[in-house]
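First the structure, in the form of structure tokens, and then the observations on it.
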Amino acid sequence: MAVFPIINLENINGDGRAKILEQIEDACQNWGFFELVNHGIPHKFLDTVEKMTRDHYKKSMEERFKETVLSKGLEAAQAEVNDMDWESTFFLRHLPESNISEMSDLDEEYKKIMKEFAKKLENLAEELLDLLCENLGLEKGYLKKAFYGSKGPTFGTKVSNYPPCPKPDLIKGLRAHTDAGGIILLFQDDKVSGLQLLKDGNWIDVPPMRHAIVVNLGDQLEVITNGRYKSVMHRVITQTSGTGRMSIASFYNPGSDAVIFPAPMLVEKDQAEEKEVYPKFVFEDYMKLYIGVKFQAKEPRFEAMKANANLGPMATA
């Protein structure tokens, strides 16, 4: 059975670079997910982020979540629930403009820590994009530039808690989907599992590992690599007992007006082998479509963007 890829970045700038790049390439082509250790973010700092996130949930969100569950009658569900998820979340925007200072129910110390956390993850995301460029034979900075648009990339964090659920067979923590954007970096609970990805028709657990960062690829990287790398369906299953699962996912995405298209250098190779070419579109247009069909297969989204492009300028009128 295939083993989930865990990649140690410790020697990335030393004589282990070639082997690490090979592991990343294999993970991007065959999994769409991998887990990073020795990624450069101090363990003590991650412990602080985790503690403050759990404290914030207890103080500001737990009761609200219980009230929502009661008002929707979820605990009495008799059939599978397909229109909502068993999760308590809030969103932080970092780029192009931060909204952290406007988050009135976060205390000042937590705001400060989350700003610092975002900066560390932004740097790691850009480092990873350059490693992908190296593997793809693209010039350094190509992917960052592809995401840039007129105001730079979009970068934000979804902070989630998945409390114990009385009906885990009927209610998912988060329904199966691929991520619309670029590269996603997840700091997840190291004690409570729940994240699963779909590989070869089977749901496989993403192992909880202390201080690791889980990386997965979004739809835009599938387009830019013309399918060499794939975004992968994943979901969160709920647990009946315990303290619940914490998850902090940071999304490094293209700017809203970034024009996304397969890298010409990769397309030349694929056309020589008569492979299909992915569409060209504005990221914001893709997101408008994605919002309505997030929990459906990605292929019709790509087809819709291709059809839209074939209609020409009138299609967006």
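Could you list all residues from the stretch 157-180 that are over 15 Å from PHE90 (Cα atoms) and of a type in the set (A, V, I, L, M)?
The answer is LEU170, ILE171, ALA176, ALA180.
What is the number of the single condition among (1) hydrophobic (A, V, I, L, M, F, W, C); (2) open to solvent by less than 20 Å² (accessible area, probe 1.4 Å); (3) farther than 25 Å from GLY137 by Cβ; (4) part of a helix (DSSP H, G or I) that PHE45 does not meet?
PHE45 satisfies all of (1) hydrophobic (A, V, I, L, M, F, W, C); (2) open to solvent by less than 20 Å² (accessible area, probe 1.4 Å); (3) farther than 25 Å from GLY137 by Cβ; (4) part of a helix (DSSP H, G or I) except (2).
Hey, any hits in the stretch 252-267 for a residue that's part of a strand (DSSP E or B) and either more than 18 Å from LYS230 (Cα to Cα) or polar (S, T, N, Q) (or both)?
Taking every residue of the stretch 252-267 in turn, at least one turns out to be part of a strand (DSSP E or B) and either more than 18 Å from LYS230 (Cα to Cα) or polar (S, T, N, Q) (or both).
For LEU9, indicate whether it is out of contact with any helix residue (DSSP H, G or I) (no Cβ under 8 Å at 6 or more places or on another chain), farther than 25 Å from HIS177 by Cα and buried (at least 17 other Cβ atoms within 10 Å of the Cβ).
Considered against the rule, which asks whether it is out of contact with any helix residue (DSSP H, G or I) (no Cβ under 8 Å at 6 or more places or on another chain), farther than 25 Å from HIS177 by Cα and buried (at least 17 other Cβ atoms within 10 Å of the Cβ), LEU9 comes out as no.
Please list, ordered by residue number, the strands (runs of 3 or more DSSP E) wholly in the stretch 156-218 having 2 or more residues that are crowded, with 17+ Cβ neighbours inside 10 Å and among the aromatic types (Phe, Trp, Tyr).
Values: elements: 174-177, 183-188, 195-199, 202-205, 213-217.
By residue number, no strands (runs of 3 or more DSSP E) qualify.
It is to be established whether one or more residues within the stretch 130-148 are among the charged types (D, E, K, R) and buried (at least 22 other Cβ atoms within 10 Å of the Cβ).
no
Look through GLU276, GLU222 and report the one residue that is among the acidic types (Asp, Glu), touching a Ser or Thr at 6+ places or on another chain (Cβ under 6 Å) and under 26 Å from LYS199 (Cα atoms).
Numbers: GLU276 fails: touching a Ser or Thr at 6+ places or on another chain (Cβ under 6 Å).
That would be GLU222, the only listed residue that is among the acidic types (Asp, Glu), touching a Ser or Thr at 6+ places or on another chain (Cβ under 6 Å) and under 26 Å from LYS199 (Cα atoms).
Search the stretch 268-295 for residues being assigned to a loop (DSSP other than H, G, I, E, B) and in contact (Cβ under 8 Å) with a residue 40 or more places away in the chain, and hand back the single one that is farthest from SER150 (Cα to Cα). Please lay out each step first, then the result.
Pass one, the stretch 268-295, residues assigned to a loop (DSSP other than H, G, I, E, B): 273-280, 294-295.
Next, only the ones that are in contact (Cβ under 8 Å) with a residue 40 or more places away in the chain stay: 275-279, 294-295.
Details: LYS275: 31, GLU276: 29, VAL277: 25, TYR278: 23, PRO279: 21, LYS294: 26, PHE295: 30 Å.
Ranking the candidates gives LYS275 first.
May I ask you to verify whether GLU87 is open to solvent by less than 90 Å² (accessible area, probe 1.4 Å) and in contact with a strand residue (DSSP E or B) (Cβ under 7 Å, 6 or more places away or on another chain)?
yes
Quick one: in the stretch 104-125, which of the residues that are open to solvent by 40 Å² or more (accessible area, probe 1.4 Å) and either at pLDDT below 95 or not basic (Lys, Arg) (or both) is nearest to the chain's Cα centre (by Cα)?
ASN123
Name the residues in the stretch 50-92 that are of a type in the set (A, V, I, L, M, F, W, C), in contact (Cβ under 8 Å) with a residue 24 or more places away in the chain and not in a loop (DSSP other than H, G, I, E, B), would you?
Within the stretch 50-92, MET52, MET61, PHE65, LEU74, PHE90, PHE91, LEU92 meet the criteria.
Right, LEU21: outside any helix (DSSP H, G or I), of a type in the set (A, V, I, L, M, F, W, C), within 22 Å of the chain's Cα centre (by Cα) and under 19 Å from CYS133 (Cβ atoms) or not?
no
May I ask you to list the residues in the stretch 63-83 that are under 21 Å from ALA249 (Cβ atoms) and open to solvent by 40 Å² or more (accessible area, probe 1.4 Å)?
ARG64, THR68
If you take the residues of the stretch 226-250 that are part of a loop (DSSP other than H, G, I, E, B) and charged (D, E, K, R), which of them is nearest to GLU122 (Cα to Cα)?
Restricting to residues being part of a loop (DSSP other than H, G, I, E, B) and charged (D, E, K, R), the top hit is LYS230.
Residues LYS275, LYS269, LYS230, LYS294: which one is in contact with a helix residue (DSSP H, G or I) (Cβ under 7 Å, 6 or more places away or on another chain), open to solvent by 10 Å² or more (accessible area, probe 1.4 Å) and either within 30 Å of LYS44 (Cα to Cα) or of a type in the set (D, E, K, R) (or both)?
On inspection, the qualifying residue turns out to be LYS230.
The values are calculated or read from the model by the stated rules, or taken from the named source; none is laboratory data. Keep in mind that what you see is a predicted model, and the values were worked out from it rather than measured. Neighbour counts are summed over all protein chains in view; Cβ atoms, including those assigned to glycine, are modelled from backbone coordinates with ideal geometry. Note: accessible area is taken over every heavy atom of the protein model, side chains too, but ligands, DNA and RNA are not part of it. Shrake-Rupley method; radii C 1.70, N 1.55, O 1.52, S 1.80 Å.
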